[in-house]
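The values are calculated or read from the model by the stated rules, or taken from the named source; none is laboratory data. A quick note: this is a predicted structure, and the numbers were derived from the prediction, not measured. No Cβ is skipped: glycine too gets one built from the backbone with ideal geometry, and neighbour counts run over all protein chains shown. Note: accessible area is taken over every heavy atom of the protein model, side chains too, but ligands, DNA and RNA are not part of it. Shrake-Rupley method; radii C 1.70, N 1.55, O 1.52, S 1.80 Å.
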Amino acid sequence: MRRIVAPSMLSADFGNLERDTRMVDRSAAQWVHIDVMDGVFVPNISFGFPVMKPIRQATGKVLDVHLMITDPVRYAARFVEAGADYVTFHYEATDDCAACIEAIHAAGARAGISIKPATAAEVLEPLLPSVEMVLVMSVEPGFGGQSFIPSSIDKIRRLSEMKRRMGLDTLIEVDGGISSANARVLFDAGAEVLVAGSAVFRADDPAAEIERILNA
């Protein structure tokens, strides 16, 4: 089973973004997670294209971009051009998931699809063969520092069973309320990529917390 940690830059110190990105780059984390919010799909605004550039310049690691925006197909290619390796959009944000997936692939990145806590895992079953990753939101998207929603564990298990039954290699990512305290149960349930924000950047030793998550 793969184990990947993707620290979320939403919890970094925006006044020292290059410093914090280089810390992640030196750490055992394999990915860097970037949350993009438009203030419409979720009630907050975060990174845009200009912020992607210094992050990309400060790390050679995989850039994992999570679009919490309306009309994601309109912007998918631009985030790939800005350096994204994975672009994940929300199932709830579009009426044409296939078009979003196609746009991400055509731009040269790997595609992910995310679901909010209230959305059933089963809606993703017909889309699993078309994407490289599914993202289970274990908090309500839009804010950092929330508590993990326990029902997410069963959703991870159901997705893991779906991919096993279909013979797929699709990654299962989880985002929200993750730390070294609950990482083990998530990996055991079938998660392979864990996004951790507050737990990493508010730790006395962020690099050590990353290693604790990986080795949980």
Output wanted: per-residue J couplings in Hz (rounded whole) for the stretch 124-138, from phi through Karplus 6.51 cos²θ - 1.76 cosθ + 1.60, θ = phi - 60°, x for Gly and Pro.
8, 3, x, 9, 3, x, 9, 10, 8, 7, 10, 10, 8, 7, 9
MRE, 222 nm, helices only [DSSP H, n ≥ 4, -39500 (n - 2.57), over the chain, to nearest 500]
-9500 deg cm²/dmol
Treat every Asp and Glu Cβ in the stretch 12-93 as -1 and every Lys and Arg Cβ as +1, leave all other atoms uncharged, and give the resulting dipole magnitude about the Cα centre to the nearest 20 debye.
280 debye
State the percentage of accessible surface on the stretch 11-68 attributable to carbon and sulfur atoms; use a 1.4 Å probe and exclude ligands, DNA and RNA.
54 percent
Among (1) 64; (2) 59; (3) 53, which one is percent of Cα pairs over 20 Å apart computed from these coordinates?
(3)
Under a Gaussian network model of the chain whose springs join Cα atoms within less than 10 Å, the largest fluctuation of Pro206, Pro54, Pro141 belongs to Pro54
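Going by average Cβ density within 10 Å per residue, which order do the peptides 43-51, 92-100, 4-12, 80-88 take, highest to lowest? List each step's numbers first, then the result.
On the way: 43-51: 14.2, 92-100: 16.0, 4-12: 24.1, 80-88: 22.3.
Result, highest mean Cβ count within 10 Å first: 4-12, 80-88, 92-100, 43-51.
Suppose all protein chains stay in the model; what accessible area per residue would a 1.4 Å probe give for the stretch 150-213, in Å²?
Values: 2690 Å² over 64 residues.
Accessible area per residue, the stretch 150-213: 42 Å².
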For the stretch 1-105, inverting the pair-averaged 1/r of distinct alpha-carbon atoms gives a Kirkwood value in Å of 14.1 Å
So, for the stretch 35-97, what is the accessible surface per residue at a probe of 1.4 Å, expressed in square angstrom?
43 Å²
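Quick one: what do you get for the stretch 10-59 if you divide its Cα Rg by 2.2 N^0.38 Å?
On the way: Rg = 11.6 Å, N = 50, 2.2 N^0.38 = 9.7 Å.
Relative to the 2.2 N^0.38 Å estimate, the stretch 10-59 comes out at 1.19.
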